[in-house]
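Comments concern the structure below.
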């Protein structure tokens, strides 16, 4: 049977339809013949012209009903319960056609024949379809790895149905904690309590556990992931309801757990009025629009319906990628906004200024920066040029173009920096504070926050890659910790802070409690179904965690405040800091000296200026 079935399943769609229609025609005629034979209790009888007319009409109605209900578009191997319903409807219509044709054509069809025919036609038309589907499932499921589904709700049921029909995974068990669902049978799968996981795992040997729960609170989801992270199995999840509804993902697009699940904290919902205040119906420009933070700022800004969104980016491919993505988002959300993509460097003040003037820019988010600590340590001049003088050029352009609001994306590494990258960002803050005092036409704001999970500089993608390759996972120090935040949450808070600002203010985002990098690495290893071993330990384990030592300019602990002079704002997650600043005259003189050192590529001179300036720069012993 295998070879004929394989031939049928591998045939061209046109040939499959011809074969199926031909079989159905024969099946209808055979069912009618058997129905009459059973009723008359004889198998040889004369067929008159009228009987042929009834037979033809019955076949025609059956084939037409199957066609209209999509039975010839359905793929046999994927047929499930809905198809059985369509078969039943078609058979009922066929039996009615038989009965009515017998009445109108005055044919010899006893009244019980249509009922007998309906039962036989259901068997002959539906039986082979069910057999093919059953054989295909039981034969080919052996080639699919077993998986568990966590969640017996609507999402879990839909996922089970999709996986059974698909070719990738074979669901064998559904787990849930709801006592009312335990023991239910869903598409042949029994619902078990999660406490039975260990025994079920030994029985079925699943390759992963798929979380199919989307209707619980963020806190409940975090507690669930915390519980599952101790289970010795790889854990993934289905996309969120929002992503499925918007068309961004399909139900069967199994993903690694969201970064929020690794972070262990739930983001705070934004204040919508603050999000739209400086954006809606305005012209907005984002520098560094293709970067991790810049691109997310662009997504969030577009959702607030600006009149114009200008994307300014040095990297051509990054600009192309974000432009393409935003145009799709614009179409999906039906937003009427002009998207302008502009190549260029923020260090070229004339270019930036002309761009702002051309599009009547009212709001600027300055995200362009070199932010990778080791790279900037090895390229100090370019780091200073881009982070300090690039900020100066963009700010001066904004003043000349009468931009109302200018927001700098800063970093926690600007607080008592031990590296040039952090010192350069603190210097950029000082530049804007001095410019804020020099004039009152442009409102300059600085927003300072820590690491964002999932960005190009985040440890999360690095750890994932290392784990998939079998390790080792590299952590610089067992005690190192960092503040973390999700990119969308950080972007939303930046936008909200910019709407609350008085010129020259430094805003600090509440990043929650710092996360120990070693704990994050262990959590990721567990959630990917493996266990850790540290420094070549002889204990059982899959992935080694290796400590590599602090990199040049790296700190064990990051801070968000230079001093203790911090005040709350109307937003629970946004604070404002009052910190030391320079007058424009002092700042201008300092910048002239720094420019000269950069021109001469005098690294020692640059570092000395950073040390003398009120940046708090104090290179650590690992710095070059």
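We did not get these values from a lab; they are worked out from the coordinates using the rules stated. This structure is a prediction, so every number in the text was calculated from the model and none was measured. Cβ atoms come from the backbone with ideal geometry, glycine included; neighbour counts cover every protein chain shown.
All C-alpha to C-alpha distances of region 315-456, sorted into 5 Å bins beginning at zero, yield P(r) values of 2, 9, 17, 19, 20, 17, 11, 4, 1, 0 percent in whole numbers. The slack between residue 195 and residue 223, meaning 0.36 nm per residue of separation minus the straight C-alpha distance, is 8.5 nm.
Taking the inverse of the average 1/r across all pairs of different Cα atoms in region 311-394, what Kirkwood radius in Å do you get? It works out to 14.4 Å.
The ranking of 615, 107 by Cβ neighbour count inside 10 Å, starting from the fewest, reads 107, 615. Working from label points 7 Å from Cα in the Cα-to-Cβ sense, the residue 202 to residue 357 distance is 7.8 nm.
Annotation: the residues 310, 364, 61, sorted from fewest to most other C-beta atoms within 10 Å of their own C-beta, follow the order 61, 310, 364. Distance from the Cα centroid of region 385-456 to that of region 327-358 is 20 Å (rounded to whole angstrom). Between residue 104 and residue 600, the contour length at 0.36 nm per residue exceeds the alpha carbon distance by 168.1 nm. The ranking of 359, 193 by Cβ neighbour count inside 10 Å, starting from the fewest, reads 193, 359.
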